[in-house]
Amino acid sequence: MAETPNQIIIKKIKKGGHGHHGGAWKLAYADFVTAMMAFFLLMWLLASTDPVYRKGVAEYFKDPWKASFEGGSSTSESASIIKGGGEDLSRADGEVQMAKQLQPDISQQLIDQQKAEERKQMEAIKDKIEEMIQEDSMLNPFKDQLRIDITQEGLRVQIIDKEGRPMFDLASARMENYASEIIHKLAPVMNGMSNKISISGHTDARPFPGNGQGYTNWELSTDRANAARKEMIRGGFQESRMLRVVGLASSVPFLDNNPMAATNRRISIILLNRQTADEIVRGDTDINIDSNNPQFNPAAVLPGSTTPATPTTPARPPVPVGR
């Protein structure tokens with residue numbers, strides 16, 4: 001019997017793999033590359049723009065509605081894709097049609113709110129002064145010499161003369177003690193607002209001798225207003241808030257029908273509203289200047305001057321006919 005040849009068996013072992021991954025990694029990589037491209041594109045755009053434009057972009061992300069109210073690119077209802085909303089490519093500031101419609105209304109609303117709040121604060125100070133006059137034993141005897149009201153200029157406090165009880169010595173800027181005390185009481189109360197003040201001095205119509213030469217009622221009223229300014233500062237009022245010190249002589253009488261009356265001699269202290277203060281700073285002359293309702297009169301300043309009188313060093317006055 002023939003022998004069967006040996007059979008050789010080859011056994012191949014296949015190592016196990018991880019299987020097919022699919023294309024998920026490709027999507028992730030594509031997203032990464034796209035993000036990097038967008039990032040570098042953003043960096044390039046930022047580098048090619050000016051700081052003002054970059055600030056505008058930053059402001060938009062802080063408040064997206066700001067552009068609609070204040071103007072800028074694409075704030076109108078235009079459907080044009082051209083920057084500026086028209087065919088003129090040089091107009092790069094954008095359309096502001098909506099802003100022009102909304103901004104005046106919003107600005108006026110803010111101004112009206114500020115005026116209302118300011119008047120409310122002045123009325124509170126007015127009430128406080130009136131209450132102080134009633135309760136203070138020093139002020140109460142002089143309540144008939146104090147006039148407090150709110151005018152177009154602001155909160156006005158007038159200290160007026162009374163027959164037999166003047167605020168100043170005859171033809172002098174030396175203030176009586178009681179008038180100084182009144183001003184010292186008013187100063188801390190008027191510090192309740194940050195507004196500036198105006199002080200004006202008034203005399204009656206009795207003239208000094210000399211036909212207007214030398215020392216006149218103009219100089220006297222100015223010196224008396226300056227004396228009131230000094231007493232306000234001594235009473236604690238901030239000197240930096242003094243905006244105007246003016247002498248008006250007898251040009252703005254308290255009693256139009258009786259220019260010789262003692263009540264025409266007075267000191268007026270006005271806590272100015274911001275609008276009036278701004279007009280004074282700008283040099284506007286069409287404003288009220290401390291009376292019941294007169295318009296500013298260029299004659300109500302020192303003769304030969306175009307601006308309200310400022311404190312001067314008085315010459316020695318001659319003997320007056322009146323005060």
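Hey, does region 204-212 have a residue that's surrounded by 15 or more Cβ atoms within 10 Å (Cβ to Cβ), touching a strand residue (DSSP E or B) at 6+ places or on another chain (Cβ under 7 Å) and under 16 Å from residue 267 (Cβ atoms)? Looking through region 204-212, none of the residues is surrounded by 15 or more Cβ atoms within 10 Å (Cβ to Cβ), touching a strand residue (DSSP E or B) at 6+ places or on another chain (Cβ under 7 Å) and under 16 Å from residue 267 (Cβ atoms). Say we look at region 152-168 and pick out the residues that are in contact (Cβ under 8 Å) with a residue 12 or more places away in the chain and assigned to a loop (DSSP other than H, G, I, E, B); which of these is farthest from residue 179 (Cα to Cα)? Step by step, filter region 152-168, then rank; the result is 152. State whether the residues of region 143-151 include one that is within 25 Å of residue 273 (Cα to Cα) and assigned to a loop (DSSP other than H, G, I, E, B). Checked against the condition, which is being within 25 Å of residue 273 (Cα to Cα) and assigned to a loop (DSSP other than H, G, I, E, B), region 143-151 yields at least one hit. If you check 180, 172, 194, 200, which single one turns out to be of a type in the set (Ser, Thr, Tyr) and surrounded by fewer than 16 Cβ atoms within 10 Å (Cβ to Cβ)? When all the criteria are applied, what remains is 194. The set of residues in region 185-240 that are basic (Lys, Arg) and within 21 Å of residue 146 (Cα to Cα) comprises 185, 196, 224, 229, 230, 234. Residues that are surrounded by fewer than 19 Cβ atoms within 10 Å (Cβ to Cβ), modelled with pLDDT of 90 or more, outside any loop (DSSP other than H, G, I, E, B) and among the charged types (D, E, K, R) are absent from region 242-264 altogether.
Do we have any residue at all in region 211-225 that's of a type in the set (Val, Ile, Thr), modelled with pLDDT under 95 and in a loop (DSSP other than H, G, I, E, B)? Yes: one or more hits.
The values are calculated or read from the model by the stated rules, or taken from the named source; none is laboratory data. Just so it is clear, the structure is predicted and the values come from calculations on it, not from any experiment. Counting neighbours? That spans all protein chains shown, and the Cβs are built from the backbone with ideal geometry, glycine included.
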